[in-house]
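Participant: This is the structure, below, for whatever I ask next.
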Amino acid sequence: RYNNCYIVKARSIAASSGKVRIIGNRKIRPVAGYFAVSPETMSQRVDTSNNTKYYKHLMPDGRYKIFRAEDVIHIHVYKKSHFLVGTPSWTPVLEDVRALRRIEEHVENLVYQHIYPLFQYKVGTEKSPMRRFQDGLTEVDIIKTKIRSMPTDGMLVTPERHEIRAIGSESRAIRAEPYLEHYKKRVITGTGLSAIDFGDGNTANRSTASTMSKLAIDNVKFYQETFADAFNFEVIRELLLESQFKFNMLSDENNVELKFHEVDLESHIKKQNHFGLLWQMNIITETEA
């Protein structure tokens, strides 16, 4: 949602099986737990080189706590070089989303105003205009009284000088469909997804839908790789350094990594078939396959 994730480390010797490390002249206690906090509650204090030195976690009730930089993991996506936090991918299209919402509200008002037709009762013509009687009343006043006292399923019988017609604005009102479709496409394009991913199949067939959904799958893989890289570097590496194993934790054969399974099942099957074909043609060995 925010393209930023803050994880606070809780350090304790009694609650951790790790060992105390010495970095510089300071003793670093082992990590006993990790806790995710809301990105909206975190702020950073930087030095003259724009490097983060401290993090401040401010609660809505005014309580706050200061953390050292090594006690906070900041995972971010799309972070600009001169920014402290990642930029959400929705930021460029927020105004388009607001515009689309305003247009939808106007369409709702348009439907509410014109769902019931507006009737015009015309009294008199140019040759025979509206009459005024001796008591001061006009034909319009008499018609108003009759309409108000008329039952719901009543009917009016009028001479040729009286005309009743329904006024509809459907032919003169602005058509909102092109504007709604335009801003909808802008929003969908700005999110990095396709209309298929939003449930709008339109005229797409199976092949087209599979190709259009490939973009969403690539985005999922990108977020998975970003999180895995940060998790491997910030979490697993420190836990291995704090561990008390009798072997070298930094060697390749003892390396621990977080990896995600293939999310694109069709691509995974094609890849398996490809390696099976290479083995059948003796291009690779069975072990390699």
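The values are calculated or read from the model by the stated rules, or taken from the named source; none is laboratory data. Predicted model, so just to flag it, every value in this text is computed and none were measured. Glycine also receives a Cβ, built like all others from the backbone with ideal geometry; neighbour counts cover every protein chain displayed. Accessible surface is based on the protein model in full, side chains and every heavy atom, while ligands, DNA and RNA are left aside. Shrake-Rupley method; radii C 1.70, N 1.55, O 1.52, S 1.80 Å.
Participant: Counting other Cβ atoms within 10 Å of each Cβ, which trypsin sites (Lys or Arg not before Pro) in region 45-149 have at most 13 and sit in a DSSP loop?
Facilitator: Working: sites: R45, K53, K56, R63, K65, R68, K79, K80, R98, R101, R102, K122, K127, R131, R132, K144, K146, R148; in loops: R63, K80, K127, R131.
Passing sites in region 45-149 are R63, K80, K127, R131.
Participant: With the dipole of the chain worked out from charges on the C-beta (+1 for Lys and Arg, -1 for Asp and Glu) around the Cα centre, which of V20, Y179, S210 lies farthest toward the positive end?
Facilitator: In the chain, that residue is V20.
Participant: Compute the normalised compactness of region 7-126: alpha-carbon radius of gyration over 2.2 N^0.38 Å, N being the residue count.
Facilitator: On the way: Rg = 28.1 Å, N = 120, 2.2 N^0.38 = 13.6 Å.
Here the answer is 2.07, to two decimals.
Participant: Same structure again: If the elastic network links every pair of Cα atoms under 10 Å, which of N248, N50, N25 fluctuates the most in the Gaussian network model of the chain?
Facilitator: Its mean-square fluctuation being the largest, the pick is N25.
Participant: Using alpha carbons only, what's the Rg to Rh ratio of the chain with Rh from Kirkwood? Walk me through the intermediate numbers first.
Facilitator: Numbers: Rg = 35.2 Å, Rh = 27.5 Å.
Result for the chain is an Rg/Rh of 1.28.
Participant: Please get the size of the charge dipole for region 91-221, origin at its Cα centre, with Cβ charges of +1 on Lys and Arg and -1 on Asp and Glu, quoted in debye to the nearest 20.
Facilitator: Numbers: 20 positive and 18 negative charges, 31 e Å.
Rounded to the nearest 20 debye, it is 140 debye.
Participant: Leaving out same-chain residues fewer than 8 places away, which aspartates and glutamates sit with a Cα under 16 Å from that of K146?
Facilitator: By straight Cα distance, K146 reaches E163.
Participant: Please go through region 78-121 and write out the chymotrypsin sites (Phe, Trp or Tyr not before Pro) that DSSP classes as loop and that have at most 15 other C-beta atoms within 10 Å.
Facilitator: Values: sites: Y78, F83, W90, Y112, F119, Y121; in loops: Y78, F83, W90.
Within region 78-121, the qualifying chymotrypsin sites (Phe, Trp or Tyr not before Pro) (loop, at most 15 other Cβ atoms within 10 Å) are Y78, F83.
Participant: Let me ask something else. When ligands, DNA and RNA are left out and all protein chains stay put, how many square angstrom of accessible area per residue does region 40-102 have with a 1.4 Å probe?
Facilitator: Working: 4370 Å² over 63 residues.
Counting only protein heavy atoms, the per-residue value for region 40-102 is 69 Å².
Participant: So what's the back-of-envelope 222 nm ellipticity for the chain, counting only DSSP H runs of four-plus at -39500 (n - 2.57) apiece and dividing by all residues, rounded to 500?
Facilitator: Values: 6 runs with 94 residues, N = 289.
Result for the chain: -10500 deg cm²/dmol, rounded to the nearest 500.
Participant: List, in order, the whole-Hz ³J(HN,Hα) value for each residue of region 78-89 obtained from phi through the Karplus relation with A = 6.51, B = -1.76, C = 1.60 and θ = phi - 60°; use x for Gly and Pro.
Facilitator: With the stated coefficients, region 78-89 comes to 6, 8, 6, 5, 9, 10, 8, 10, x, 9, x, 5 Hz.
Participant: At a Cα cut-off below 29 Å, give the lysines reachable from K270, other chains included and same-chain residues fewer than 8 away excluded.
Facilitator: Straight-distance partners of K270: K214, K221, K259.
Participant: Using a 1.4 Å probe on the protein heavy atoms, what percent of the accessible area of the chain belongs to carbon and sulfur? Numbers along the way, then the final one.
Facilitator: Working: 12140 of 22010 Å².
Looking at the chain in its full context, I get 55 percent from C and S.
Participant: Tell me which trypsin sites (Lys or Arg not before Pro) from region 225-289 have a DSSP coil assignment and no more than 14 other beta carbons within 10 Å of their own. Mind showing how you got there, number by number?
Facilitator: Details: sites: R237, K246, K259, K270, K271; in loops: K246, K259.
Of the trypsin sites (Lys or Arg not before Pro), the ones in loops of region 225-289 whose Cβ has at most 14 other Cβ atoms within 10 Å are K246, K259.
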